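Working notes, beginning with the structure itself.
The values are calculated or read from the model by the stated rules, or taken from the named source; none is laboratory data. For clarity, every value in this text was computed on a predicted model and none was experimentally measured. Heads up, the Cβs are rebuilt from the backbone with ideal geometry, glycines too, and the neighbour counts pull from every protein chain shown.
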Ligand SMILES: [Zn+2]
């Protein structure tokens, strides 16, 4: 695949569309693009969540984020919490993990992140004013690429990560994104939109997973299922879907419903992106509980 096609794929995976001004993270907010479409209803959101929870259980890979969210809602400072030995992921680690997850499997992106942290354990050494060559910011691109190669698109992802670090170093003098924790959703969107290579889906994931905001990212799986269920028109794009769903889905259901739709989209042969639609005619609600909901039968 050519470099330009790979770059386009990376943008598409993040919900961006190079032809649309809406690919800028700062423009994804605003009024509901489908104000007359009164779906999903609160009951539909709850029923779909319950059906998928019965089928899959809560996905273990998101369980630690869920616990952080619950502690955060309880008003505890998760970083100082004494009743939890679970260390909270830094916002920068979270952002890099999300970037590495683009256009690859979960297993490969987890391996890529573990390999990156093994090769470059710290983003910076706060005890030393000098950045060593074991720091990603000043390391040779090739050595970073080698560390994350198993996650695919290594050169592109390396440029993106180094750009983020470079901008942080230049503008804030510190390789740290913890300052985002005290910003509003709109402020976070504006702030992250200044970093090259970070699209709206990545911003939304950081908001939901790392900053405990009630945001509802639209990845490929969520997008396809939402269209199939009739929650957005078939002609909807990812950005309009994001805005509509964030208007319609109750805040308290967003996190669980998002994790479950993502997991279901990955696992269900009926709902997988590009799955042959005729399958829906022979599958039963026992195979896919979403077949019992409008739009998939
Ligand atoms: Zn399904």
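Residues that are within 16 Å of residue 218 (Cα to Cα), modelled with pLDDT under 95 and not in a loop (DSSP other than H, G, I, E, B) within segment 27-63 comprise just one, 27. Counting residues in segment 165-178 that are more than 18 Å from residue 93 (Cβ to Cβ), part of a loop (DSSP other than H, G, I, E, B) and in contact (Cβ under 8 Å) with a residue 40 or more places away in the chain gives zero. Of the residues contained in segment 222-236, none is found to be crowded, with 19+ Cβ neighbours inside 10 Å, touching a residue at least 12 places away in the same chain (Cβ under 8 Å), closer than 22 Å to residue 73 by Cα and assigned by TED's automatic domain parsing to the domain that holds residue 52.
Scanning segment 229-271 for residues that are part of a helix (DSSP H, G or I) and either within 16 Å of the ligand (Cβ to nearest atom) or in contact with a strand residue (DSSP E or B) (Cβ under 7 Å, 6 or more places away or on another chain) (or both) gives 229, 257, 258, 259, 260, 261, 262, 263, 264, 265, 266, 267.
Going by what's in this entry, would residue 139 be described as outside any helix (DSSP H, G or I), modelled with pLDDT of 90 or more and more than 26 Å from residue 181 (Cα to Cα)? Against the criterion (outside any helix (DSSP H, G or I), modelled with pLDDT of 90 or more and more than 26 Å from residue 181 (Cα to Cα)), residue 139 qualifies.
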